Amino acid sequence: QVRLVVSGGGLVQSGGSLTLSCAASGIIFSAATMGWYRQTPGKQRELVATITSAGVLNYADSQKGRFTISRDNAKKTVYLQMNSLKPEDTAVYYCAAKRSNTYYWGQGTQVTVSS
């Protein structure tokens, strides 16, 4: 079955950086659109960034210029480099894979940005 294992969350001060990783298995990774989403209590899960199999990038407006999504198909891993973090970036971050109109989700990882 599809498995997405997320790592790299934690506590960071405002203005700091974190990198999240998501290792995939059980899926043709190179053909999947990979993405990062986040959720805060009481709110819907929202898009952070996606990267298609062709390398086309899409970012939520609030992350443009601060976050970078990338993928390593050989390692079947997608990354989210987060710079200039703000307290409002505090959320649980989820990795997702989209293949044939089906979404697969990894476990969330908490990112907390202190002011």
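Can you give the accessible area per residue of the range 9-115, in Å², using a 1.4 Å probe?
51 Å²
Please work out how much length the chain gains when fully extended from residue 58 to residue 30, using 0.36 nm per residue of separation minus the C-alpha to C-alpha distance, in nm with one decimal.
On the way: separation 28, 0.36 × 28 = 10.08 nm, distance 1.72 nm.
Length difference between fully extended and current span is 8.4 nm.
Provide the net charge surrounding residue 14, with neighbours chosen by a C-beta distance below 15 Å and charges set as Lys +1, Arg +1, Asp -1, Glu -1.
Overall, the nearby charge balance is 0.
Whats the longest run of the chain with zero trypsin sites (Lys or Arg not before Pro) that are DSSP loop and have at most 14 other Cβ atoms within 10 Å?
Counting only loop sites that pass the neighbour cut-off, the longest clear stretch is 1-42.
The chain: D in µm²/s via Stokes-Einstein (Kirkwood Rh, Cα pairs, 4 °C, 1.567 mPa s)? Don't skip to the answer; put the middle values down first.
Working: Rh = 14.0 Å.
So the translational diffusion coefficient is about 93 µm²/s.
What FRET efficiency comes out for residue 46 versus residue 75 if R0 is 30 angstrom and r is the Cβ-Cβ distance? Round to the nearest 0.05.
0.65
Quantify, in whole percent, the carbon and sulfur part of the accessible surface of the chain (1.4 Å probe; protein heavy atoms only).
Ligands and nucleic acids excluded, carbon and sulfur give 47 percent.
Given a Förster radius of 22 Å and the C-beta distance between residue 19 and residue 100 as r, what FRET efficiency does 1/(1 + (r/R0)^6) yield to the nearest 0.05?
0.15
The values are calculated or read from the model by the stated rules, or taken from the named source; none is laboratory data. Remember, predicted model here, so these are calculated numbers, not experimental data. Methodologically, a virtual Cβ is constructed for each residue, glycine included, from the backbone with ideal geometry; neighbour enumeration extends over all protein chains shown. Keep in mind that these areas ignore ligands, DNA and RNA; they rest on the heavy atoms of the full protein, side chains included. Shrake-Rupley method; radii C 1.70, N 1.55, O 1.52, S 1.80 Å.
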